[in-house]
Each structure stands twice: as C-alpha cells, then as structure tokens.
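Input: a single structure, listed below in structure tokens.
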Amino acid sequence: MTEGGSGLRLEDVHARHGVHGVGLQVGSDELLAVLGPSGAGKTTLLRTVAGLERVTRGRIYIGDRDVTNLRPGLRNVSMVFQSYALFAHLSVAENIAFGLIVKDVAKAEVKRRTLRAADAIGCAHLLDRRPAQLSGGERQRVALARALVREPDVFLLDEPMSNLDLELRVETRAEIKALHARVGGTMVHVTHDQTEALVLGDRIAVMRDGLVEQIGTPEDIWRTPQTTFVARFVGSPAMNLLPGDGPLRPAGIYPEPAWLIGIRPEAVVLGGEGVDGLVERVDVVGEDAYVYVRVGEHLVCARVPSRGKPSGRVTVSVADAHLFDAATGRRV
Amino acid sequence: MRRSAWWMLAPYLIGLLGLVLIPFGITVAMALTEYDLINPPEWLGWANFRELWHDDGFRTALMNSLVFAAIAVPLRLGIALMLALLLHRRAFMAGSARTAAALPTAVPEIAYGLLWLWLFNPSFGPINQVLGPLFNRLGVLAPRWLTMPADARAAIILMSLFTIGEMFVILVAARQALPRDAYELAEIEDATGWDIFRRVTLPMLAPVLGVLLIRDTIMSLQLSFTPALVVTKGGPPPHSTTYLSLFVYRNAFEYLRYGYAAAATVIMLALTMLAVLIQAVILARARQMRR
Amino acid sequence: MKRLLTAAVAALLLASCSTTGTESPKDNAPVQLLVFGSPDELAAYRTLVSAYKGGQVQLVEAADRKDLITKLSTSIAGGAPQDLFLMNYRFYGQFAAKNAIEPIDDQLKKSTVIKAADFYPEAMKPFQWAGKQLCMPQNVSSLQVYYNKGLFTKFGVAAPKPGWTWTDMLTTAQDMTRDAAGHVVKATEPEAGATPPAVHGLGTESVMIRLAPFVWSNGGQLVDNDAKPTRFTFDTPAAREALKNFIDLRLGYGVIPTDDEVKAQDLVARFTSGKLAMLLESRRITPTLRAAKELSWDVAALPTYKQPGGILHSDAYCITKASKNKESAWKFMEFAMSPEGQRIIAATGRTVPSHIATAKSNAFLDGNAPAHAQIFLDAVPSLKAVPTISTWPEIEDITEGILENALYRGDKLDDVIAEIDKQTKPIFARGEAS
C-alpha cells in the first residue's frame, strides 16, 4: 500500500516539558518502539514530532524536509491517540475518511481509499456503525484505519494498547506487527510495556527523564544493556544488581569494587557449586518459580522451573553477568 | 424511589406548587373574569379573549414579541457562540474579556435601560454622535432610535444583544469540556478553521446549543419590558415597542383590568409552549437523523 | 356551574389577597399619604406633613402617576391600603367607579375648620360622583403660557398681551423661532446636516389636554355629551379647526421642536435653558422654574379663539374606602385644606389654592415669580373639566400616540380624526361615568 515512509531524523531536540536533548533516526520502513516509564518524556517526544509541542532547540527532519517549524497539518504525519479520538457524531466510515474529507478529496476516491484502509486493518464490516456502538478493540482498529488512509510520511502511535485487556493486547500486537510488515512505513510506537516493545520494535529507544538512554535492536537491548536503568527496566523480574566486591561473582571474572554486577534471574544457578544462601520467598507462576535467596546481605532472585523448586539452604552461582560502573551506571 | 429522595425533592416541589402551579391556576381562572383587585371578580367566560382578538394594541404587541424573538434569538445565540469560541482559551487578557462579555447581564434592568436611554439620546448620546456625521455624509439622518417605530424596534434588539452573558458562560464551559485530542487530531489532519468549526465544534456543541435555543426563545417571548419601558415607554406610537409583557403590565397595573391582562398572559403562555414544542420536535428529528 | 366556578375563583382570589381582621380603627397608627411628583413637588408635601401637629403622617412617594396607581390598587387588594392619596381628577374616575373612595360629605358638613363654600366650585365639581363629594381638591390650576422674558427682550419682540388670540400667539412664536445667529428661521422637516434652530417659539406636549381648551375656546365641543360621553367630536367644524391648527404647529409652521429634540431634552429643561420662548404648561412647573436662578420668566393667559376657554388641572385628597384609619385621615385632610395647610403648599409655588380666600391673599399672590400670577385666578370662571369617565386614562394614552404621530409625522387631518374615533369609541363604551 505505501511504498515505505520517508524516514524520520531528530537532532538534539528539546521540548518544553520533558524532552531534554534527543537525537535519533528512524528508517523509512522501520518501526521504532519508544519505551520508558511514565514521565520519561516519550509521549512528549511523539507530540513534538507531530507538531503539537513546540521544539525549543534542535531540528526534526521528515524525509529530507525540515519540519521543525511547520504546523502539524503540514508535516504529513498521522497519529493514533491513546484515547483514539474518534468523533462520536460521525460514522466509522466518516471517521476514517475525516482527513480526506477536509482536504476536499472527491467522494468516489474517498470511498475507495476508506474501504482499502478498513480492509487492511480488518474493520470493513463496521463502516456504518458509530463509535458508541464499538468495543475498545474495534475502536482502536478504526483509529488505525484513519491513520492509514492518508498514507502519511510518518505514523505515530501513542500507547494505543494501554486501554485494552491483556488477551486483546497480545492479539493486537501481532496484528500491528503483521500490518507493518505488509504495509511498511515509518512508525514510531510509544509504550511503557517492555514486552510490547520487545515484540513490536525493529529497534527500541529506551527513554528516561527526557533523554534516550539506549537505542538498539531488541537483541541489543536485552543482551547488552548500556546502563543499569535499561538493564533493570527491560526484563521481568528485574535484573539483580550486586556490588563488585559482593559475595557473588561469575567465574573467571574479577570485578573492581567500584563496579556493579548485573545478573538476570535466568542466569542464577541454584545447587551445585557456589555460595551459601537461604531461600526467603518463592513465587510460583505456572511453570516458572521465582526464588528469592538471601546471600549475605543481598536478596537475589533466581528463575527456575517450578517443579524442582528449592527451599531452605541452597548454593548460588552465576552463569552470565553484565558489568556496570557503580557511579555512572554505564556498562563497562 | 427511596423515601429520602422524596424528602430532598420536597422543597423544590413545594416551591413548584406554590410559586408556579398555583399562581398559574389563578391566572388562568382570572383570565375568565373581570377583576380590578378592589371589587370581587365578575365572571366573563371567553369575553376577554374575544376582546383581545379585536384589540389592535394586543395584535401589535403579539407581533412585536414574535418578531423580536425571531430576530433576536438567533443573533444572541450566534454572538454568544462566537464570543465563546474566541475567548475560551487561556490567552492574554482572555479572562478580562470574558468578564466584560458577561458583565452586562449582571447590571440591574432599570440601570441597563437608563444607560441605553442615554446612549440612544438623539442629540447628545454617544451613538448618534458617532453615527450622525457618518450618516449625514450619505445624505440621511442618523437613526432616530427613540422616535421612529422601526428604529426603536432595532434599538430594543440592539439592547438585547449585549445581555448574552448567561449563554456565553455556558458555551465557554461547554467548549472547554470538549475533548482536546479531537482538536489535535483535526490539527494533524490539516483541517481549516472553518472545517473544524463546521465538522467538529458545532456538532459537538449541538446539544448545548439546542437547549440554549429553546431557553432563549422562551425568555425572549416573555421579554422583560423594563428596558423597553425605560427607553421607549412602549412607543413610538402606536405601540411599536410594546411587547406582550408590557401590554400585560399596562392593562393590569395601570388600567386595573387584571382579568384582561391575565387573558393576554394565557395567550402568551400558549404561544411560548407552541414555540418550544416546535423546536423540540425539530431538534429530536435532527438527533434521529444522526443515528 | 358558572356560579360555582365564579364563587370558587372569587374565593381563591380573595383568599389569596385580603387579610382577615375586622375594621378596627387604629387611631394611633400613622396615616399613610400616597403622592408622586418631581423633587420640588415632593419637598412641598414633606413641608406640609412636617407642619401637621395633629398626629403622625407617613409620606409614601411613588415614582410617577402610573406607579401610584399600581401601588394603590395592589395595596387595596393586599388589605393594607394607604389611607390617603392625591389624585388628579382625570385619573380618579376608575377608583370612583370601583367604589374605592370614601365619600366625605358628612365630614365636610360637620367640620369646624373648613366648609364646602370656602372652595372654588369649578374645582369641587369634578370630584363629585353619583351626587357625593368624594375628594377635596387642593388646587385649581389651569393651562397657561409661560414665557422667557429675557429672550423676548433679546430679540425685541413684544411680550404676550392679555386677551391675545391664537393667531397672535402663532405670529409671536414664529417671530421667536431663531437660529444661533438670531435670525428668524422656519424649520419644518429636519434635514440631514442642517443645524436645528437654537430657539423654538413654542413648546407643547402632544396630548389631548393641551388641545382641549382650544376646542372649547373656539366654541366647539370635545365630546358628544360631557356627562356621559360616547365619542370625540372632532368632526364638528370648531373642534376640527382647533385640531388642525394644533397639528400644524410642527410641520406647518415649524414653531415647536421635533420629537427627536424633545426626546433629547424635555420641554421644561429646554425652557429653563433658554431653548424655548414659550411653553404651554400648568402651575405645577412653577417650583422648578423658580429654582432656575438665571431664568427671567412670567406667565400670560392662554390665547383664545372666539371666547375665553381654559382647562382645569386639579388634584385632590381622597380617602381610601378600605382604609382602617379614616378618622385620622380626614383630620389630616382637614389640615391640608385649611387656610394654614393651603398656605404652606402655596408657598412652594406648586398650587393655585382651591381655598378661595387663600388664593386671593398674598399667600398665593406673594410677589414671587411669576409676576402675573393673577391670571390663574382670572381664568377660573371659564375653566372646564374633561370628562371624568373611568376609562379616561386609557383614552389619554391612546390619543397621545395618535396626536404624536399627527404632530410629528404629518398624518392627514381626516385620517387623524377617523383614527381617534375608531380607537376611542370602544374605550368610551367600556367606561363608567359619574
């Protein structure tokens, strides 16, 4: 449907409330997930790209156009709001076609493109209904169809799945990924859900306090987190962080006292050779058990299959670790 | 309904009964009599209504009220809407501007009337001081607000255009309550101001506008006569700014014909109900079409 | 069924109106006197009230006549009416016909302070209804011509003379209509951009009571039957002529100001500020004129056609029938009508006393302006009253509108006469006469 978007480039962008210098690039057929806790500035960043927030410093390029000072209507972007922003007084078809109608596109053309977008999203059977008669999931589809119909240069999605229940989220995630694969286009997807980011994003930008901490493929983010924040934010339960001169350390590594050792729960081995510890608590979730072991003065979380979950005294050792500088939080 | 609900409604119901329904009943009863408040009432049957039918003064007052409502209500609503859309955002001096827009409604009616009496003064009033030279250059006299029937009616309509404070305040609140992201979306879709007004603002404000329309129609048909009385005394002759309410007041309190005046009131009420009914039907149809 | 309904309605209305309570006179309660007037007139009443030593009198001041009528009727209905009210004979008919006024024949006969013969019969008669004296008139004023002596001297025009005619007045008014430079002008239709005259020769309201004396002076009749009128008689030659000359004052001769000018500044204000050479008015504006210190003015007799003719202006004290304080009210009325009371009011200049002896004394002819106050007394024998029919207020309102249009918009004479007849016939029919 679209021959790829035009790509997006941000250069040292500052915005008034919550973006303090962001530089990144999104390829013309790339889906960038912007991940971070609430207050990180990800929605502000999205709105800045849309033109709803003003850039106080830096530049924004869509394709090879400098859109920094352009009003939203001229940037040729589409946005799906968290609340979907559907017009209650218009039908689904009229909602989808809104952008075309205000541009005085011919009626036949409007109908054709509306139908095409609705088909692509899978809400063509809802065209005559009104938003009040739709479920949450259906409304989201309409919002997506509306973003699609204009064939913009950049798609912006602001936490579009936060209003859906878990099962619907999983399903929708897959559909959006499939849609992007089919249709292409430059997409920026803002979310606070790390699973969503890991599944959807071609690349992920992790944001904290108005800055991008790390940007990379999901693999990069998972395997080589660049800061302790990224390391702990991605992965559930969070990575264990122990001091360098603590009781546990991976074999063959001699960390400095000023370092922190990061150990994912999956990398903690119970039983066998290792340091003594006492099991304080075990959370069983289906096939997994999360065992909280006290080693010295630290509590270490280990993930083991729930069948053989230990209790009492165990030995703890580390299969794999990440090393960070305690002062800067950066990877060593 | 629970008993406590009835208890809570009681004051309102008592007021409704005692201050609205019972006086209404008395008025309707009075309309069938001749009553001067001094001697006991005398039964007349429909005679008052028959006399009203032939009374030129009543016909004029009726026409005046209908025409006034037909012209003033859309203008008032339009102005209130326009001002509300201009002033609802937080902007430099917007708060003061909003206060200024709503203020004339807070002025007591007699003071309001006296103020306009001065403004409309043919020789010394500010309005004709400004309009006089302009009109003279076109070779005509400045509008003779207080002495020509058409100009006087225009004057009363003009006076009513500034007391839109209530509708203005309601519309500002309504506009501010509209969802912000609908407007942001329209911005992103590059809709022009006119498109946004036509396709977003107006449809979303339609319910409020409907209610205000009905309410203002009722109020305009029963237009308080104080401003008209103070400024034009119901003239210029014959009766060009005598509205139904003034007609009722005159006949009741100056000529001591309370029965006759009550009959006029009953007709005024019937007309108002008719107007409201027509509007309600039209609005309900419009809502139906949207479904 | 009808009876039942009437009874139910009456019960409902009366129950919601009057209070219970027998008519126990509360002689110690203050007597309430309802009046209206300009600030100067009100000051006169206040002086009278404070001079009364026979008891407490409370002055209730209405905004204007219509407000007074409203206050009176609603207070009667409310069961706590004012005890005394001052009302012009032209407006008391509706209350007389509704039996709301207490006749005072008996009190008058028994009184040791005043007697019926002490007062001008021309003023007493209009206040008699169905053979009874209902109210006591406080004055016997009439329509006369006030003129600005200073302007007449300034333009070197002869002041109005005794016995002058309508034509004389017209000529004088024309001579006195001048522009700012002092040249005689004739301003009939207002034109865009033209400067209006600085001084108009004459000022008059466009109401029936200004026209009536000229109809009578021309030997004509105003209505078909003075006692029980059914219509105006402007189709008779004498009345028609008087009407025509009156209407022509504006558009025919241009001697009176336009309606816009009058709306911008009313006649009395125009007179005191030197914009009017002559003004047709009754005695009531004298206090206001006296207060205008720079104005040099006097009065002249109303001009005549064929015979002397004048219109009575009179208001009287009336006791409300529903009053609970009639004795005290009568006592105050006695005082107000006594030589002492009449003298107090006369001193303010507001009235031409109805008490004959007081009128002829220096209480009235006190040397204060106007110098020719005697003409008010000379006019009394030829004064005539308009009919006191109960619907006269409505007739005055309607004819005011018709005459205003006639005067300022130049309606055709025959149309005016036809309109007056058409509009007022039903109102005459509804009215009750004495």
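Comparing the full protein assembly with the isolated chain (1.4 Å probe, heavy atoms, ligands and nucleic acids excluded), the residues of the range A:75-89 losing at least 10 square angstrom of accessible area are A:V77, A:M79, A:F81, A:S83, A:A85, A:F87, A:H89. Loop sites by DSSP among the GluC sites (Glu not before Pro) of chain C, restricted to those with at most 13 other Cβ atoms within 10 angstrom, leave C:24-190 as the longest stretch without any of them. If you sort C:K326, A:K42, C:K115 by accessible surface, 1.4 Å probe, largest first, the order is C:K115, C:K326, A:K42.
Measuring r between the beta carbons of B:S123 and B:L16 and using R0 = 51 Å, the FRET efficiency lands at 0.55.
Computing the accessible area with a 1.4 Å probe over protein heavy atoms, can you report the carbon and sulfur percentage for chain C? Of the solvent-accessible surface of chain C, carbon and sulfur hold 54 percent. Taking a ≥ b ≥ c as the square roots of the eigenvalues of the alpha carbon gyration tensor, the range C:285-351 is oblate, as a/c is not under 1.5 and a/b does not beat b/c. Computed from label points 7 Å out along Cα-Cβ, the spacing between C:N99 and B:I218 is 4.2 nm.
Does the range B:1-102 come out rounded, prolate or oblate, given a ≥ b ≥ c as the square roots of the eigenvalues of its C-alpha gyration tensor, rounded meaning a/c under 1.5 and, failing that, prolate meaning a/b above b/c? Because a/c hits 1.5 or more and a/b fails to exceed b/c, the range B:1-102 counts as oblate. Evaluated with a Cβ-only charge set (Lys, Arg +1; Asp, Glu -1), the range B:56-290 carries a dipole of roughly 240 debye about its Cα centre, given to the nearest 20. When the Cα gyration tensor is reduced to axis lengths a ≥ b ≥ c, the ratio a/c is 1.5 or higher for the range B:56-290, and with a/b not above b/c it is classed as oblate. The residues of the range B:235-251 listed by number as losing at least 30 Å² of accessible area in the complex, against the isolated chain and with a 1.4 Å probe, are B:P237. The listed residues B:W118, B:W7, B:W145 rank as B:W7, B:W118, B:W145 when sorted by accessible area, largest first, using a 1.4 Å probe.
In sequence order, the range C:323-339 has phi-based couplings of 5, 9, 9, 4, 4, 5, 4, 4, 4, 5, 4, 4, 4, 4, 8, 6, x Hz under the Karplus curve 6.51 cos²θ - 1.76 cosθ + 1.60, θ = phi - 60°, and Gly or Pro positions carry x. Roughly how many percent of the accessible protein surface of the range B:56-290 is carbon and sulfur, given a 1.4 Å probe and a whole-percent answer? C and S fraction of accessible area: 72 percent. Each of C:V184, C:P121, C:N325 was placed along the dipole of chain C (beta-carbon charges, centred on the mean Cα), and the one lying farthest toward the positive end is C:N325. For C:M136, nonlocal amide neighbours, meaning residues 5 or more places apart or on other chains whose placed amide H falls under 5 Å from its own, are C:Y317. A crude spin-label estimate for the pair A:H125 and C:A371, with each label 7 Å from Cα along the Cβ direction, gives 11.0 nm.
Averaging the Cα positions of each part gives two centres, and for the range B:235-264 and the range C:363-434 these lie 22 Å apart.
Largest GNM mean-square fluctuation among A:I221, A:I101, A:I176, using chain A with Cα springs under 10 Å: A:I101.
Rounded to the nearest 0.05, the FRET efficiency derived from the C-beta distance between A:D209 and B:L202 at R0 = 30 Å is 0.10. Taking only the Cα atoms of the range C:134-283, the radius of gyration and Dmax are 16.7, 55 Å.
The residues C:T233, B:T163, sorted by heavy-atom accessible surface at 1.4 Å with ligands and nucleic acids left out, run B:T163, C:T233 from largest to smallest. The residues of the range A:75-201 expose, per residue, 39 Å² of accessible area to a 1.4 Å probe.
Computed from the C-beta positions of A:S236 and B:L274, the FRET efficiency with R₀ = 56 Å rounds to 0.25. Each chain gives up part of its surface: C and B jointly bury about 3400 Å² of accessible area, both sides summed, for a 1.4 Å probe. Using a 10 angstrom cutoff on alpha carbons, build the Gaussian network for chain C and name the most mobile of C:M337, C:M169, C:M278. Answer for the Gaussian network model of chain C: C:M169. Close amide-amide hydrogen proximity is noted between A:E213 and A:V206, A:M207, A:R208, each under 5 Å apart and 5 or more residues distant or on a separate chain (H modeled in the peptide plane; Pro and chain starts excluded). Pairing the Cα long axis of helix C:413-430 with the longest principal axis of chain C, what angle in degrees results, from 0 to 90 and rounded to the nearest 10? Result, in degrees: 0. Applied to the range B:12-24, the Karplus parametrisation 6.51 cos²θ - 1.76 cosθ + 1.60 on θ = phi - 60° returns per-residue 3J(HN,Hα) values of 5, 5, 4, x, 4, 5, x, 9, 10, 6, 5, x, 4 Hz, with x for Gly and Pro.
Solvent exposure of B:M167, expressed as accessible area, is near 10 Å², computed with a probe of 1.4 Å over the protein chains only.
Across the range A:92-103, coupling constants 3J(HN,Hα) worked out from phi with the 6.51/-1.76/1.60 Karplus curve, θ = phi - 60°, read 4, 4, 5, 4, 4, 7, 3, x, 6, 5, 6, 9 Hz, and Gly and Pro carry x.
In the context of the full protein assembly, C:D83 retains an accessible surface of approximately 10 Å², using a probe radius of 1.4 Å and ignoring ligands and nucleic acids. Note on chain A: with a GNM built from Cα contacts shorter than 10 Å, the maximum mean-square fluctuation among A:A33, A:A120, A:A85 falls on A:A85. Which parts of the range C:365-399 would a label at C:K306 reach, counting a residue when its backbone N lies under 20 Å from a point 7 Å out along Cα-to-Cβ? What the label zone holds, given the 20 Å backbone N cut-off, is C:382-385.
In this rough spin-label picture, where each label sits 7 Å from Cα along the Cβ direction, the C:T188-A:Q133 distance is 7.6 nm.
Restriction of the trypsin sites (Lys or Arg not before Pro) in the range B:83-127 to DSSP coil positions whose beta-carbon has at most 16 other beta-carbons within 10 angstrom yields B:R89, B:R90. Interface size, chains A and B: roughly 1900 Å² of accessible area buried, both sides included, 1.4 Å probe, rounded to the nearest 100. In the full protein context, the range A:268-332 carries 58 Å² of accessible surface per residue, based on a 1.4 Å probe and ignoring ligands, DNA and RNA. Each part reduced to its alpha carbon centroid, the range C:51-110 and the range B:1-31 end up 37 Å apart.
Only helical runs count toward this figure. For the protein assembly as shown, summing -39,500 (n - 2.57) over DSSP H runs of n ≥ 4 and dividing by all residues gives -13500 deg cm²/dmol at 222 nm. Taking amide H as placed 1.01 Å from N in the peptide plane, the amide H of C:W297 sits under 5 Å from that of C:K149, each at least 5 places away or on another chain.
The values are calculated or read from the model by the stated rules, or taken from the named source; none is laboratory data. All figures in this text were calculated on a predicted structure; none of them were measured in a lab. So basically every Cβ, Gly included, is an ideal-geometry build from the backbone, and we count neighbours across all protein chains shown. Side chains included, ligands, DNA and RNA excluded: accessible areas come from the protein's heavy atoms. Shrake-Rupley method; radii C 1.70, N 1.55, O 1.52, S 1.80 Å.
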